[in-house]
Amino acid sequence: MQFSLFDQEKNTAQPHVGLSSRVLDTSEACRSLDDVIEGLVDINRQVDGFSSDVLLYRSGTQRSPNDFKGYSDARVPICIALWRSSETVRSLAKEHVKAGNFLMLDHGEYERFRYNIKHPNAPHADYIEFDDIFDHYEDIVSVAKQPSLVSLVLPDKIGDQQGSLALLRQYKDRIATLQGTGAELILPLQKGMQSLETHYHQCLDVLPAGKIGVALPSNAEALSEHDILRFCKQILPNRIHFLGSKPTQVLYKVQHICNTAIVTCDATRHRAHIGQGRLLTDLHRHLVDEKLIGVLHGDWLHYDETEFLGNIHAELMLMTPSEVVFFSEFFHADPQILLKCSDDDQVWRYLDDCSYGYSESIALQAFTEIVRRRISPNCRQLAISQLAEMNVI
């Protein structure tokens, strides 16, 4: 069920529009971010700054739609791995590029590699369905306002130069098709028996002619600084991306060697600010509390908690099934019996029987928690957006 915030007075002559359907838009609910953050934390002490000439793609949102929307609202570059990504995030990625924003699409080989390590007892994911990956690449690029701002990581196999070459040969026709769209192609280089320089030239022999950037792994089977600097000195590539790395000294050394190259990186920065006493978590909670107070006290909706109590039956009918169950658990009530009540009086009689006369107090507690759950994702989105705009994450 979709909900939105309607900034209008309740008209009793119209069908009941419950408070529960008015609480998702955070834009009017919270004070300005300067006010919210002031006194909460000294941001400058938590920011690991990076050079303004290094384009940083924010990663780690492929299964977190609200995090993706927060970054997209801030119009910052985003990188997502498509393996096990959600359809919702892929749809959001299309909206992101429709607006003319930077997006990098990675197939997710590193995600697959890491999944197998973290889940040794689960069935192993032995390979990625690259046919599906190319379908997603083509689908997203096809709607891009400016395809050159969409970067596509070509197939590879971690730590396996020959396996990576075999994938490039297998999909060379689809790679050529993508090259024709105007999207940027990024070639990941793997370490192995061959030097990076030799491996690079072998890959180029397979690929269609044209501009192709290189990607240097920084996590699993990461390349050594020595190999990276030697490669850059000999090849002098004009487009370099550091996979899974925030700006480092190696990156800046590469910038110095290839002083006309475009150098970028991608990193999951927001997770470092999640946890008790950390910036993103504290800001998220603060926004939720701000919004919750406004909703329950009717500060801007002209609709407060007393009206919820006065329309309890209609409010129950507007809740999702899971919310009705959650509400019922506060009373140890049967949700099916609750839904069979035909009006407010029957609801209150049943809740009084279940709570020994404390129904109103418990109902407000339950509804407060339902509202908190509903507004939390959008408050998370707002927190991500504002911190991204400030280059904190």
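The values are calculated or read from the model by the stated rules, or taken from the named source; none is laboratory data. Small disclaimer: the values here were computed from a predicted structure and weren't measured. Cβ placement follows ideal geometry from the backbone for every residue including glycine, while neighbour counts extend to all protein chains displayed.
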When you check Val153 against the structure, is it more than 25 Å from Gly192 (Cβ to Cβ) and touching an Asp or Glu at 6+ places or on another chain (Cβ under 9 Å), yes or no? no
Pairs needed: first member in region 256-275, buried (at least 18 other Cβ atoms within 10 Å of the Cβ); second member anywhere, of a type in the set (Val, Ile, Thr) and in a helix (DSSP H, G or I); C-beta distance under 9 Å; at least 6 residues apart or different chains. Cys258/Ile235; Val263/Val254; His270/Ile384; His273/Thr281
Looking at Ile312, Ile384, Ile362, which one is in contact with a Ser or Thr (Cβ under 6 Å, 6 or more places away or on another chain) and under 29 Å from Arg285 (Cα atoms)? Ile362
Report every pair of residues separated by at least 6 positions or lying on different chains whose Cβ atoms are under 6 Å apart, first residue within region 213-236 and of a type in the set (Lys, Arg), second surrounded by 14 or more Cβ atoms within 10 Å (Cβ to Cβ). Lys233/Ile257
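Residues that are β-branched (Val, Ile, Thr) and modelled with pLDDT of 95 or more, at least 3 per element: which helices (runs of 4 or more DSSP H) completely within region 38-138 meet that? If you could, list the steps in order and put the result at the bottom.
Values: elements: 65-73, 87-98, 109-118.
Per the criteria, 87-98.
Out of curiosity, is Ile228 assigned to a helix (DSSP H, G or I) and touching a helix residue (DSSP H, G or I) at 6+ places or on another chain (Cβ under 9 Å)? Show your work before the answer.
Numbers: assigned to a helix (DSSP H, G or I): yes; touching a helix residue (DSSP H, G or I) at 6+ places or on another chain (Cβ under 9 Å): yes.
Against the criterion (assigned to a helix (DSSP H, G or I) and touching a helix residue (DSSP H, G or I) at 6+ places or on another chain (Cβ under 9 Å)), Ile228 qualifies.
Being in a helix (DSSP H, G or I) and free of Cβ contacts under 8 Å to residues at least 24 places away in the same chain is the filter here; which residues of region 172-195 pass it?
If we filter region 172-195 for residues that are in a helix (DSSP H, G or I), which is where we start, we get 172-179.
If the condition is that a residue be in a helix (DSSP H, G or I) and free of Cβ contacts under 8 Å to residues at least 24 places away in the same chain, then Asp173 is the only one that fits.
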Which numbered condition trips up Tyr303, out of (1) in a helix (DSSP H, G or I); (2) of a type in the set (Ser, Thr, Tyr); (3) modelled with pLDDT under 90? (1)
